[in-house]
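Worksheet: the structure to be examined is printed underneath.
The values are calculated or read from the model by the stated rules, or taken from the named source; none is laboratory data. Predicted model only: the values in this text are computed from it and were never measured. With ideal geometry, Cβ positions are generated from the backbone for all residues, glycine too; neighbour counts draw on all protein chains shown. Note: areas computed on protein heavy atoms with side chains; ligands, DNA, RNA excluded. Shrake-Rupley method; radii C 1.70, N 1.55, O 1.52, S 1.80 Å.
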Amino acid sequence: VLNVQSPAEVERAIQQVFGHLLTDIESVGLFASLGRMLASDIVAEQYVPGFDRSTVDGYAVWAADTFGASFATPAMLSCRDGASIGEKPQPLEKGQCQYVPTGGEIPQGADAMVMIEDVEDYGDGMKYVLRPTAPGRHIGFRGDDVSPGKCVMRAGWKIRPQDIGTLAALGIQTVAVRKKPVVGILSTGDELVDIHVSPERAQIRDVNTYTLSVGVLSSGGEPVRYGIIKDDYVFIKNAIVDALRECDIVLLSGGSSVGTLDYARQVIEALVLQYSDSKILLHGIAIKPGKPTLISSIRGKPVFGLPGHPMAAYLMYKTFVSPLIAQMMGHKEEHPTQKAILSVNIPSNNGREELAPVKLSEKAGCWTADPIMGKSGLISILSEAGGYVRIPRDQEGAMANTEITVYLL
Ligand code: AMP
Ligand code: MG
């Protein structure tokens, strides 16, 4: 029998034992930094842009030269040849104007731009400004985007395409990021075959190797697959020991319950005795699906015994493992959510928190969540699901037509 703990207690236990784990720092090129977690703050050392520039196509002027200008009485300015974009212009004198394209540098002396639409040209070498401008108008100033000393991204930040743009603007070519936690994945079960095999008799294809591997990838970790392991004490123990040598985290799926062929607990107990800095944190979580989950620390490394049911294994991965992988890179993972109206009641009174998969649909900005009823072993239910609802253990289900939070999958 399992001595179950609440999901909140499980999170606390994980924090307490593994909260200090942090992978090493490595330096990667800018392109390779996408999706990685910053190891330190990025503080600008330069101005972006490095000069005052025009935000329109038009003429740089002394704003005071245009005061009082109108269609009836345009301001007449002598037009000087402009610099090409990307080149430094000569200073502009009072009474002069100069063409500057969008992004071109404002000549020294000029303090405003007039848009090309507000200027007439009668071919006499002069420009006639039909509307006044004001100091600073249509100018992007040096450092408007970023100035030296500004912290543009914090340590732990997950780098997105626009962040790579900011780093490029600052001329940052390599980025210090946290190494990806290496996560070993072992599928246990005598009934499992690899996906290229046609299952015979009572065999089934190994799903967890696939869902957990790509789950690890999308969490920012690096999966290492140890394949299918027979329900055998020695095989499982050896596979875990191999994985512990090469990995930062080990995920075992299947055999985590208390049946005769369930070896996870026995093997973990033996490893706890064999190695220092090892213990079982918990065995049993008050959550459905996912009750027979075992969490241990072997030689200071997290070793998870996940349930074999593919949906349970994946949801336990998402709930407890994925945040830990992120945290080991200094990143706080936020599970994306969506508020939605529940279409029908979800009954639940089994004394455990329930993770209920739902379909999501949107109409005129209003989201609806339709529960998908089914057994926890069925992976296809998760393919249909846009997310799941968490129904706390002390709540007797969720009521139709109420707003609920959907955890997106
Ligand atoms: P277990 O946790 O080993 O008792 O397995 C529970 C259920 O999940 C059984 O029906 C297993 O056949 C199934 N199962 C276990 N591991 C996998 C896997 N890797 N892929 C698909 N189904 C699995
Ligand atoms: Mg099994």
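Points to keep in mind about this one:
- In the full protein context, the chain carries 50 Å² of accessible surface per residue, based on a 1.4 Å probe and ignoring ligands, DNA and RNA.
- Checking every one of the trypsin sites (Lys or Arg not before Pro) in the stretch 169-273 against DSSP loop status and a limit of 12 other Cβ atoms within 10 Å picks out 201.
- Residue 147/residue 218 FRET efficiency (R0 60 Å; Cβ-Cβ; nearest 0.05): 0.95
- Computed lengthening from residue 261 to residue 368, 0.36 nm per intervening residue step minus Cα-Cα distance: 34.3 nm
- Considering only the chain, percent of DSSP beta bridges that pair antiparallel, nearest 5: 70
- Max-minus-min Cα coordinates of the stretch 216-352 on each principal axis give 51, 37, 26 Å, with the largest extent listed first.
- Counted charge near residue 281, where neighbours are those whose Cβ lies closer than 15 Å (Asp, Glu -1; Lys, Arg +1): +1
- Over the stretch 343-398, the ratio between the Cα radius of gyration and 2.2 N^0.38 Å evaluates to 1.16.
- With every protein chain in place, the chain: carbon and sulfur % of accessible area (1.4 Å): 52
- Potential extension, residue 24-residue 333 segment - 0.36 nm per residue separation minus Cα distance: 109.4 nm
- If the chain linking residue 379 and residue 197 were pulled fully straight, counting 0.36 nm for each residue of separation and taking away their Cα-Cα distance, it would gain 63.7 nm.
- Between helix 264-274 and the chain: long-axis angle, C-alpha atoms, 0 to 90°, nearest 10: 90
- Debye intensity ratio I(q)/I(0), log10, the stretch 113-263, q values 0.09, 0.14, 0.18, 0.21 Å⁻¹ (C-alpha model): -0.56, -0.86, -1.06, -1.26
- Rg of the Cα atoms in the chain, relative to 2.2 N^0.38 Å, amounts to 1.44.
- When 405, 174 are compared by accessible surface with a 1.4 Å probe, the order from highest to lowest is 174, 405.
- DSSP-assigned coil residues among trypsin sites (Lys or Arg not before Pro) in the stretch 1-98, each with at most 14 further Cβ atoms within 10 Å: 94
- For residue 347, the shell of other residues with beta-carbons less than 11 Å away shows a net charge of -2, using +1 for Lys and Arg and -1 for Asp and Glu.
- Here residue 52 sits with roughly 60 square angstrom of accessible surface, probe radius 1.4 Å.
- Whichever aspartates and glutamates have a C-alpha closer than 18 Å to that of residue 288, once near sequence neighbours (fewer than 8 apart) are set aside: 9, 11, 353, 354, 394, 396
- Measuring how big the stretch 278-409 is from its alpha-carbon positions, Rg and Dmax come out at 15.8, 54 Å.
- Secondary structure note: in the stretch 122-246, about 0% of the DSSP beta bridges are antiparallel.
- Spin-label pair residue 12/residue 345, simplified geometry with 7 Å Cα→Cβ offset, distance in nm: 3.3
- Residue-averaged [θ]222 nm for the chain, counting only DSSP H segments that reach four residues, each worth -39500 (n - 2.57): -5500 deg cm²/dmol
- Around residue 261: net Lys/Arg minus Asp/Glu count, Cβ-Cβ under 14 Å: -3
- Neighbour-limited loop hits for GluC sites (Glu not before Pro), the stretch 316-395 (at most 15 other Cβ within 10 Å; DSSP other than H, G, I, E, B): 334
- Cβ-derived FRET efficiency at R0 60 Å, residue 34 paired with residue 72, nearest 0.05: 0.60
- Stokes-Einstein D in µm²/s, Kirkwood radius over Cα pairs - the stretch 139-202 at 25 °C with 0.890 mPa s viscosity: 144
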